[in-house]
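This report concerns only the one structure given below.
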Amino acid sequence: DLCLQLNFTTPVNGYALHGHVIKNISLNFGMRASCRSRCTIENDCVSINIGPSVKDHVLCQLSDSDRILHPEDFRPKEGFTYRGTEVKKL
């Protein structure tokens, strides 16, 4: 069996991938890092957008594409942070 490891690329502040969100999750602000964990357990997740803090919560958006496949959908969005993934075979 082949084992895959999902690594996240460097965060890009002020940007988000539009039109490819498969799931919106509201997280407590302190749990912001768990957005990456949610992506790793979602089979179709390829990238994430993390929204700004609103009333001690942040929006975690799981996307089924990334800025490499859809550069036209990678646009500025104030308060958001985008992170893509890279799959490595172990």
Scan of segment 1-60 for residues that are of a type in the set (D, E, K, R) and assigned to a loop (DSSP other than H, G, I, E, B), ordered by number
ASP1, ARG32, GLU42, ASP44, LYS55, ASP56
Would you check which residues across segment 54-68 are basic (Lys, Arg) and surrounded by 10 or more Cβ atoms within 10 Å (Cβ to Cβ) and list them?
ARG67
Could you list, in sequence order, all residues of segment 5-22 that are touching a helix residue (DSSP H, G or I) at 6+ places or on another chain (Cβ under 8 Å) and either modelled with pLDDT of 90 or more or not hydrophobic (A, V, I, L, M, F, W, C) (or both)?
PHE8, LEU17, HIS18, GLY19, HIS20
Where a residue in segment 22-48 is touching a residue at least 12 places away in the same chain (Cβ under 8 Å) and more than 18 Å from PHE74 (Cα to Cα) and its partner, wherever it lies, is assigned to a helix (DSSP H, G or I) and charged (D, E, K, R), with Cβ under 8 Å and at least six apart:
ILE25/ARG38
Are any of the residues in segment 65-72 at pLDDT 95 or above and part of a strand (DSSP E or B)?
no
Could you give me the residue pairs with C-beta distances under 9 Å whose first residue belongs to segment 69-81 and is closer than 14 Å to ILE48 by Cα and open to solvent by 70 Å² or more (accessible area, probe 1.4 Å), whose second residue is assigned to a helix (DSSP H, G or I) and modelled with pLDDT of 95 or more wherever it lies, and which are 6+ apart or on separate chains?
none
Return the residues of segment 49-68 that are of a type in the set (Lys, Arg) and touching a residue at least 12 places away in the same chain (Cβ under 8 Å); say none if nothing qualifies.
ARG67
Evaluate the following for ASP44: is it at pLDDT below 95, on the phi > 0 side of the Ramachandran plot and open to solvent by 50 Å² or more (accessible area, probe 1.4 Å)?
no
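The values are calculated or read from the model by the stated rules, or taken from the named source; none is laboratory data. These numbers were taken from a predicted model, which means no experiment stands behind them. Counting neighbours? That spans all protein chains shown, and the Cβs are built from the backbone with ideal geometry, glycine included. Heads up: the accessible areas ignore ligands, DNA and RNA and are worked out on the full protein's heavy atoms, side chains in. Shrake-Rupley method; radii C 1.70, N 1.55, O 1.52, S 1.80 Å.
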